[in-house]
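Following: one structure in structure tokens, then a few remarks.
The values are calculated or read from the model by the stated rules, or taken from the named source; none is laboratory data. Here the structure is a predicted model, which is why all the values come from computation and not from measurement. Cβ placement follows ideal geometry from the backbone for every residue including glycine, while neighbour counts extend to all protein chains displayed.
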Amino acid sequence: MAEQAVDIARAVVIAPTALRDWVVVLPLVLPLLGGAVALVLRERIAWQRGIALAVLAALVVVDAALLVRVVESGPVTMMMGRWLPPFGIAFTVDALGATLALAAAVVALPAAVYAGVDIDAGGRRYGFFPFLMLLVAGVSGAFLTGDIFNLYVWFEVLLIASFGLIVLGGEPRQLDGAVRYGLLNLVATTLFLVATAYLYGLVGTLNMADITAAVRALPPEAPIDTIAALYLLAFGMKAAAFPVNFWLPASYHTPKIVVAAVFAGLLTKVGVYALLRTLVMLMPAEGVALSAIVGWVAGLTMVIAALAALAQTEIRRALGFLVIAGIGAMLAGLAVGSPLALSGTIVYAVHSILAMTAIYLAVGAVERVAGSSSLATVGGVYATNPLLAALFLMLALAVAGLPPFSGFWPKAMLVKASLAAGEGWLAGAVLVSGFLQTVALGRIWLLAFWRPRPGGPAATGGGAAVLEPAAIGPVIVLTGLVVLLGVAAEPLVRVAGIGAAGLLDPAAYVGSVFGGTAP
């Protein structure tokens, strides 16, 4: 009996993959491959930093090329295993994902440079650089995936890497911080998985583009509101929003400063991104229904965290609360939900990635100079290192949202959007939080940099009088970017507008998956 011909073109992509389309997965392949090579060469400690720097530099170039392509041509999709959607795992890149992936790569590279002076031979031997590249791969995968379950997988990847980084050194306080960090993140991850299981049971698909249509076609009695609330709780914990944010200040002050800097810049932003993707693009009606709750969460997160930063006597702990205050500002844009508000959230996310990483590294430089980051013992840093004092002051003004630095524009956008939506109280919360952050950071600068060192004249307190280029160089580069985005914000604002429009109208996103785009 003759075999019947089977038309596999209905399930599998037949056409060869265009060379330019491989750029979609290179942000994942590069750090994973680099981490694997560094792990294999773990006995050759001197090689690992060079491998990481080369991989992360290449990643910046690839992410920049990917962003340019997406801005010029719209979202692009690549299907794993050549399966047609929605059966295969999709990597779908739009302006939002590409922008945040590029920002993540941009801060990871200076962090790897700074690690040259912050991570000793033991830390390198036990896997700092492989863990760093694995973390970057997890963050990039979360920003670029087009599959909701795959988003969970990439959360797990970055969570595993962050566990390895936070305990590097094995000090008791690091282990204590890791327990708190791990427990709350595992709870959030479990909630994420439960919500995803319910969503799959309801709509029968995990592809984000497919979910957007399936959710809109659900009958009114479908329990999609419950699923949206679970996602809000899970990603709110990941983003460190009030009242489930206590894990962050209890853990971010414990690891090496370069690890804390990467965490502060990247990890909470993945939670904010996931909220934007689920509550705005996938479940817009449910996002609107939850907007009042998100608004109150945003306002309380901003104000309470800023007040807590004022009460701290240790600079690292204060910065942890400032990270949380920034999350509140981003959630304010999500609560308002207008194109301007969402654009403000995206711009704020990029600003926070750069500024918070930079200011943590600046505090690391303070610790190298003064031997401590406690306001009870640090002082006189301006007298010995005026450049570091100037850099920290510029970063402090940026974090507080003052011109002409990068934090001013997103806060202005959020205030304008809140007022236009009739949410004057939310605009007031943004302004009050900014004022409190200005006071908190001004207090830190006056006590740590301007005031003479307690107990004696300006001194280094046992630290290095002259900072190594690898310690001050990354701070200079990131501060320069913060200033550049403050005085020339229009390109970022334009790209953020494209990203916000794609969330509100995902037709182009869906079209890139189902509209015949070659994988």
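When A496, A508 are screened for being surrounded by 15 or more Cβ atoms within 10 Å (Cβ to Cβ), over 19 Å from the mean Cα position of the chain (by Cα) and part of a helix (DSSP H, G or I), only A508 passes. Inspection of the stretch 326-333 identifies at least one residue that is of a type in the set (A, V, I, L, M), modelled with pLDDT of 90 or more and over 30 Å from L134 (Cβ atoms). If you go through the stretch 21-57 and pick out every residue that is buried (at least 16 other Cβ atoms within 10 Å of the Cβ), closer than 19 Å to V106 by Cα and small (G, A, S), you end up with 3. The residues on offer are A137, A195, and the sole one that is out of contact with any Gly (no Cβ under 6 Å at 6 or more places or on another chain), in a helix (DSSP H, G or I), closer than 24 Å to K269 by Cβ and touching a residue at least 40 places away in the same chain (Cβ under 8 Å) is A137. Somewhere in the stretch 109-126, is a residue surrounded by 24 or more Cβ atoms within 10 Å (Cβ to Cβ), in contact (Cβ under 8 Å) with a residue 24 or more places away in the chain, among the hydrophobic types (A, V, I, L, M, F, W, C) and under 20 Å from I346 (Cα atoms)? Looking through the stretch 109-126, none of the residues is surrounded by 24 or more Cβ atoms within 10 Å (Cβ to Cβ), in contact (Cβ under 8 Å) with a residue 24 or more places away in the chain, among the hydrophobic types (A, V, I, L, M, F, W, C) and under 20 Å from I346 (Cα atoms).
When F87, F91, F143, F149 are checked against the criterion of being farther than 18 Å from A274 by Cα and of a type in the set (A, V, I, L, M, F, W, C), F87 stands alone in meeting it.
Among the residues of the stretch 377-393, are any without any contact (Cβ under 8 Å) to a residue 24 or more places away in the chain and among the aliphatic types (A, V, I, L, M)? Full working, then the answer.
At the first step, the residues of the stretch 377-393 found to be without any contact (Cβ under 8 Å) to a residue 24 or more places away in the chain are 386, 390.
Of the ones still in play, those that are also among the aliphatic types (A, V, I, L, M) are 390.
Yes, because at least one residue in the stretch 377-393 is without any contact (Cβ under 8 Å) to a residue 24 or more places away in the chain and among the aliphatic types (A, V, I, L, M).
Annotation note: Cβ proximity below 8 Å between a residue of the stretch 492-504 that is farther than 15 Å from A349 by Cα and touching a residue at least 60 places away in the same chain (Cβ under 8 Å) and a residue that is of a type in the set (F, W, Y) and part of a helix (DSSP H, G or I) (sequence gap 6+ or interchain) occurs for G502/Y509. For the stretch 31-45, a residue qualifies if it is in contact (Cβ under 8 Å) with a residue 60 or more places away in the chain and either at positive phi or in a helix (DSSP H, G or I) (or both), and the qualifying residues are P31, L32, G34, G35, A36, A38, L39, I45.
Within the stretch 67-104, the set of residues being surrounded by 24 or more Cβ atoms within 10 Å (Cβ to Cβ) and in a helix (DSSP H, G or I) comprises V70, A95, L96, G97, A98, T99, L100, A101, L102, A103, A104. Within the stretch 188-198, the residues that satisfy the criterion of being within 25 Å of the chain's Cα centre (by Cα) and of a type in the set (S, T, Y) are T189, T190, T196. Answer with yes or no whether V303 is more than 26 Å from G236 (Cα to Cα) and among the hydrophobic types (A, V, I, L, M, F, W, C). So V303 does not fit the description; no.
Close contacts from the stretch 346-357, counting a first residue that is modelled with pLDDT of 95 or more and a second that is of a type in the set (S, T, Y), with Cβ to Cβ under 7 Å and a gap of 6+ residues or different chains, come to I346/T99; V350/T99; H351/S406; L354/S406; A355/S406.
For V55, the criteria (1) within 14 Å of S140 (Cα to Cα); (2) in contact with a strand residue (DSSP E or B) (Cβ under 8 Å, 6 or more places away or on another chain) hold in every case but one, which is (2).
From the residues in the stretch 35-82 that are of a type in the set (D, E) and at pLDDT 85 or above, which one is farthest from A103 (Cα to Cα)?
Residue satisfying both the conditions and the ranking: E72.
Starting from residues that are polar (S, T, N, Q) and within 30 Å of V366 (Cβ to Cβ), keep the ones in the stretch 276-334 and report whichever is surrounded by the fewest Cβ atoms within 10 Å (Cβ to Cβ). Outline the logic, then answer.
As a first pass, look at the stretch 276-334 and keep what is polar (S, T, N, Q): 278, 291, 301, 312-313.
With the extra rule that they be within 30 Å of V366 (Cβ to Cβ), the set shrinks to 301, 312-313.
Numbers: T301: 28, Q312: 20, T313: 11.
Ranking the candidates gives T313 first.
Kindly indicate whether L419 is of a type in the set (A, V, I, L, M, F, W, C), without any contact (Cβ under 8 Å) to a residue 12 or more places away in the chain and touching a helix residue (DSSP H, G or I) at 6+ places or on another chain (Cβ under 8 Å). Yes, satisfied. Selection of the stretch 301-319 for residues being in a helix (DSSP H, G or I) and of a type in the set (A, V, I, L, M) yields M302, V303, I304, A305, A306, L307, A308, A309, L310, I315, A318, L319. Give the number of residues within the stretch 186-236 that are closer than 15 Å to L275 by Cα and at pLDDT below 90. Selection size over the stretch 186-236: 2.
Could you tell me which of the residues T205, T254, T212, T278 is among the β-branched types (V, I, T) and touching a Gly at 6+ places or on another chain (Cβ under 6 Å)?
Working: T205 fails: touching a Gly at 6+ places or on another chain (Cβ under 6 Å); T212 fails: touching a Gly at 6+ places or on another chain (Cβ under 6 Å); T278 fails: touching a Gly at 6+ places or on another chain (Cβ under 6 Å).
Result: T254 is the single residue among T205, T254, T212, T278 that is among the β-branched types (V, I, T) and touching a Gly at 6+ places or on another chain (Cβ under 6 Å).
Here S140 fulfils each of the conditions (1) of a type in the set (S, T, N, Q); (2) closer than 22 Å to P506 by Cα; (3) modelled with pLDDT under 90 apart from (3).
Among the conditions (1) surrounded by 24 or more Cβ atoms within 10 Å (Cβ to Cβ); (2) more than 30 Å from A112 (Cβ to Cβ); (3) modelled with pLDDT of 95 or more; (4) not aromatic (F, W, Y), K416 misses just one, which is (1).
For the stretch 199-252, the candidate set comprises residues that are among the small types (G, A, S) and more than 26 Å from the chain's Cα centre (by Cα); within that set, the residue that is surrounded by the most Cβ atoms within 10 Å (Cβ to Cβ) is A214. When the residues of the stretch 140-173 are filtered to those that are in contact with a strand residue (DSSP E or B) (Cβ under 9 Å, 6 or more places away or on another chain) and assigned to a helix (DSSP H, G or I), the one that is farthest from A98 (Cα to Cα) is V153. If the condition is being more than 18 Å from G497 (Cα to Cα) and among the basic types (K, R), then the stretch 36-79 contributes R42, R44, R49.
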